[in-house]
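Some notes on the structure that comes next.
The values are calculated or read from the model by the stated rules, or taken from the named source; none is laboratory data. On a predicted model such as this, the values are computed, not experimentally measured, just so you know. Here the Cβ is made from the backbone with ideal geometry for all residues, glycine too, and neighbour counts use every protein chain on show.
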Amino acid sequence: MRLVTFLPAGGTTARLGAIVGDAVVDLALARGGAPATMAELLALGPQGLALARAALEEGSRAGGSAARHALAAVRLLAPLPRPGKILGVGRNYGAHAAEGGLTTQEKPRIFVKLSSTVIGTGTPIRKPSAVRKLDYETELAVVIGTAGHDIPERDALAHVAGYSILNDVSARELQFDVSPPQTSFAKSMDGFCPMGPCLATPDEFADAADIELSCSVNGAEVQRATTKDMIFPVPALIAYLSRYVTLEPGDVIATGTPAGVGAFRKPPRYLEPGDVVRMEIPGIGVLENAIV
């Protein structure tokens, strides 16, 4: 399933839906008792996903037309407009570490992003007037669906509800040019966490350990890699984080970015108003935001 949070045409209340072809099925309208928000769905664990599947089947039938909207007519919000924790992982792709002149880490490097930073696809990213080195980072976002603490690596993927695309927008001068570095602040300004367009359940991927992600700025490709280049794969990240922090439904792990970020290009390529950043992961879709 490709689950979304959306606003119907002319609507002001966010709804929970699922994409089918060129339509969005409103799950709560399709089946009574189905969760009405992504947070409610995730809180129900596997039962929530089962209810969503049943609602999607009903809404996809000929008699379910009242629950369907044209995808082009709705506004997609972030699938989780206000996640729980957003846990970021720095330098988690071998080629990205190398482009920054860094050695492979022995343990994951963790930072946090505030949940208030989240915006959806199509929503502009506002460049703060004081920020000169605005940068992009294409990332696979892992959304937790089942709570756990000290999760064994072998069991980690059973705690995943699905995946999304996340742009870990960063003010590099606060991350690299000050002492001590202010990494979490550099990545937690308003609008610095575009996410979407959907939450794709694991069955949307033939191999969740080999997912391709790419990014272009103004139509020119700047990043392309697969998650095979991760230093710490998703199961390892879940196991490591859960040793110290209880992972809860609706928490998000931003798993790191591939090589090609603006800061390490020669010359550096920072984002300016008028730029358009387009990120894509097959099975999830496209996350696109303009800089203003």
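Quick one: in region 114-123, which of the residues that are part of a loop (DSSP other than H, G, I, E, B) and more than 12 Å from the chain's Cα centre (by Cα) is nearest to Ala43 (Cα to Cα)?
Step one: list which residues in region 114-123 are part of a loop (DSSP other than H, G, I, E, B), which gives 114, 120-123.
Remaining after also requiring more than 12 Å from the chain's Cα centre (by Cα): 114, 122-123.
Details: Leu114: 20, Gly122: 27, Thr123: 27 Å.
Only one residue tops the list, namely Leu114.
Residues in region 158-213 that are assigned to a helix (DSSP H, G or I) and hydroxyl-bearing (Ser, Thr, Tyr): 2 in all.
So that you can scan it fast, the table gives a plain yes or no per residue for (1) basic (Lys, Arg); (2) more than 22 Å from Ala78 (Cβ to Cβ); (3) in contact with a helix residue (DSSP H, G or I) (Cβ under 6 Å, 6 or more places away or on another chain); (4) without any contact (Cβ under 8 Å) to a residue 60 or more places away in the chain:
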residue: Ala220; (1), (2), (3), (4): no, yes, no, yes
residue: Gln223; (1), (2), (3), (4): no, no, no, no
residue: Thr227; (1), (2), (3), (4): no, no, no, no
residue: Val252; (1), (2), (3), (4): no, no, no, no
residue: Gly262; (1), (2), (3), (4): no, yes, no, no
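Considering every residue within region 101-110, establish whether at least one is free of Cβ contacts under 8 Å to residues at least 60 places away in the same chain and of a type in the set (A, V, I, L, M, F, W, C). Yes.
Among the residues of region 124-146, is there at least one that is modelled with pLDDT of 95 or more, small (Gly, Ala, Ser) and outside any loop (DSSP other than H, G, I, E, B)? Within region 124-146 (the criterion being modelled with pLDDT of 95 or more, small (Gly, Ala, Ser) and outside any loop (DSSP other than H, G, I, E, B)), the answer is yes, since at least one residue qualifies. Scanning region 132-159 for residues that are among the β-branched types (Val, Ile, Thr) and crowded, with 20+ Cβ neighbours inside 10 Å, we see that the one that is nearest to Pro258 (Cα to Cα) is Thr138. Within region 18-29, residues that are under 10 Å from Ala70 (Cβ atoms) sit with their Cβ atoms under 8 Å from residues that are of a type in the set (A, V, I, L, M) and buried (at least 23 other Cβ atoms within 10 Å of the Cβ), at 6+ positions apart or across chains, in these pairs: Val24/Val4; Val24/Ala18.
Taking region 241-285, which residues are touching a Cys at 6+ places or on another chain (Cβ under 8 Å), over 30 Å from Ala158 (Cβ atoms) and either of a type in the set (Asp, Glu) or part of a strand (DSSP E or B) (or both)? Result: Val277, Arg278.
Please go through region 271-287 and pick out each residue that is touching a residue at least 24 places away in the same chain (Cβ under 8 Å) and over 22 Å from Val118 (Cβ atoms).
Glu272, Pro282
The single condition from (1) crowded, with 18+ Cβ neighbours inside 10 Å; (2) under 21 Å from Gly196 (Cβ atoms) that Leu241 fails is (2). Take the conditions (1) modelled with pLDDT of 95 or more; (2) within 16 Å of the chain's Cα centre (by Cα); (3) farther than 18 Å from Asp168 by Cα; Phe205 misses just one of them, which is (1).
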